[in-house]
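Read through the structure below, which is laid out as structure tokens, and then see the notes.
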Amino acid sequence: MSPRPDTVTGLHAEPALARTQVAWDPLGFDPLIDHFRVYAVRGESAPEQPQESDLIAKTVYPHFAHADLDPAGETWTYTVLAVSDAGRRSDPCPPVTATSQPSVTATGREIAAIGTFDGRTLEHHLAPNSYATIPEEFPGAVIEYEQGTDDPAAAWPYLLPGPGDAWAGKTAYRARWTLTLEEAPQTDLDLAVWLVDTTRLGGILRVSANDEHVTDIELPLGSTRGSREGDATVPGSPLLRSFHEPALPAALLQAGPNVLEFELAEGGWAAWDAVGVFAREE
């Protein structure tokens, strides 16, 4: 009879924004492993024996991303067992508890935002699928948006094209957001950049404030469906959301008008969910 697989070791979890990455040590080849079964229970404890109702994934790899978690943060307890090619199961490994990283949209005070942080592009201009008219409406490849005056439905296209987009002239588009601060911030703020989808090219979204470089956001490889579909919260949606929340240094901001610029310097388009500036609550 084929031996049972060894118990999985090295289970650990790395919290991230709206997801938790779970990984463990790979097993050997005697017996051959058909797949791993990942179980998760909300909270800080789990039953001694995993319940099939708590199975969240089967994978051939020694890692799994528990995605689409609440941006406010969720606590889950994970355990993993291995299944051999003969169908024999290992004992479950010791559980590990982790809490996903909370978003500044949940922990901070909103100063300004374009759109709603809801996993949809639908409130933005030309959504969900009229991307082909963006080059006609913005022939200079520059989008200007003034907080308090403009509306996302009329002035903020749901896609920001990049040099990988032949339909947009293979141009690095820039979106310039002007917002007025009553006073210069004394401490750093946080910038929330939520995307509904990206292309399979990935890319680099370059962020600046008042013509000073803030950061380069590395865009993940997406599903390239967000140009035609606008709601990533639909069950079974193929859209691949991503969340980026870099610090916005106080030294780059001033009382009065400030210009935040987003330039898609490399790769293909990014589909906006929302962007926002948040103060850190003490």
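Residues are listed down the side, and each one gets a yes or a no for (1) farther than 22 Å from residue 210 by Cα; (2) of a type in the set (Phe, Trp, Tyr):
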| residue | (1), (2) |
| --- | --- |
| 128 | yes, no |
| 136 | yes, no |
| 145 | no, yes |
| 170 | yes, no |
| 182 | no, no |
| 185 | no, no |
| 189 | no, no |
| 194 | no, yes |
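Report, by residue number, each residue of region 45-98 that is closer than 28 Å to residue 30 by Cα and among the small types (Gly, Ala, Ser). Even if it seems obvious, please write down each step before you answer.
Residues of region 45-98 that are closer than 28 Å to residue 30 by Cα, as a first pass: 48-52, 54-65, 78-96.
Of everything in region 45-98, those that are closer than 28 Å to residue 30 by Cα and among the small types (Gly, Ala, Ser) turn out to be 57, 65, 82, 84, 86, 87, 90.
Got a sec? Which of 72, 106 is exposed (fewer than 15 other Cβ atoms within 10 Å of the Cβ), out of contact with any strand residue (DSSP E or B) (no Cβ under 7 Å at 6 or more places or on another chain), in a loop (DSSP other than H, G, I, E, B) and aliphatic (A, V, I, L, M)?
Values: 106 fails: in a loop (DSSP other than H, G, I, E, B).
None of the others qualify; the one that does is 72.
So the check is Cβ under 7 Å with 6+ separation or different chains; which pairs have a first residue in region 104-118 that's without any contact (Cβ under 8 Å) to a residue 40 or more places away in the chain and a second one that's part of a loop (DSSP other than H, G, I, E, B)?
106/71; 106/72
Failed condition for residue 66, given (1) outside the structural domain of residue 260 (by TED's automatic domain parsing); (2) within 30 Å of residue 271 (Cα to Cα); (3) out of contact with any Gly (no Cβ under 9 Å at 6 or more places or on another chain); (4) surrounded by fewer than 19 Cβ atoms within 10 Å (Cβ to Cβ), with all others met?
It is condition (4) that residue 66 fails.
Which one is surrounded by the fewest Cβ atoms within 10 Å (Cβ to Cβ) among residues in region 29-46 that are over 20 Å from residue 13 (Cβ atoms) and touching a residue at least 40 places away in the same chain (Cβ under 8 Å)? Give the derivation first.
First, the residues of region 29-46 that are over 20 Å from residue 13 (Cβ atoms): 29-34.
Filter again for touching a residue at least 40 places away in the same chain (Cβ under 8 Å), leaving 31-34.
Numbers: 31: 19, 32: 12, 33: 20, 34: 15.
My answer is 32.
Could you please find all residues in region 1-43 being charged (D, E, K, R), modelled with pLDDT of 95 or more and closer than 13 Å to residue 75 by Cα?
Of everything in region 1-43, those that are charged (D, E, K, R), modelled with pLDDT of 95 or more and closer than 13 Å to residue 75 by Cα turn out to be 14, 42.
Among the listed residues 166, 175, 155, 141, identify the single one that is at pLDDT 95 or above, surrounded by 21 or more Cβ atoms within 10 Å (Cβ to Cβ) and small (Gly, Ala, Ser).
Working: 166 fails: surrounded by 21 or more Cβ atoms within 10 Å (Cβ to Cβ); 155 fails: surrounded by 21 or more Cβ atoms within 10 Å (Cβ to Cβ); 141 fails: surrounded by 21 or more Cβ atoms within 10 Å (Cβ to Cβ).
Being at pLDDT 95 or above, surrounded by 21 or more Cβ atoms within 10 Å (Cβ to Cβ) and small (Gly, Ala, Ser) holds for just one of 166, 175, 155, 141, which is 175.
Matching residues to (1) among the aliphatic types (A, V, I, L, M); (2) assigned to a loop (DSSP other than H, G, I, E, B); (3) over 24 Å from the mean Cα position of the chain (by Cα):
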residue: 91; (1), (2), (3): no, yes, yes
residue: 117; (1), (2), (3): no, yes, no
residue: 149; (1), (2), (3): no, yes, yes
residue: 167; (1), (2), (3): no, no, yes
residue: 180; (1), (2), (3): no, no, yes
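The values are calculated or read from the model by the stated rules, or taken from the named source; none is laboratory data. If you're wondering where the values come from, they're calculated on a predicted model, not measured in any experiment. Every residue, glycine among them, receives a Cβ derived from its backbone with ideal geometry; neighbour counts consider all protein chains shown.
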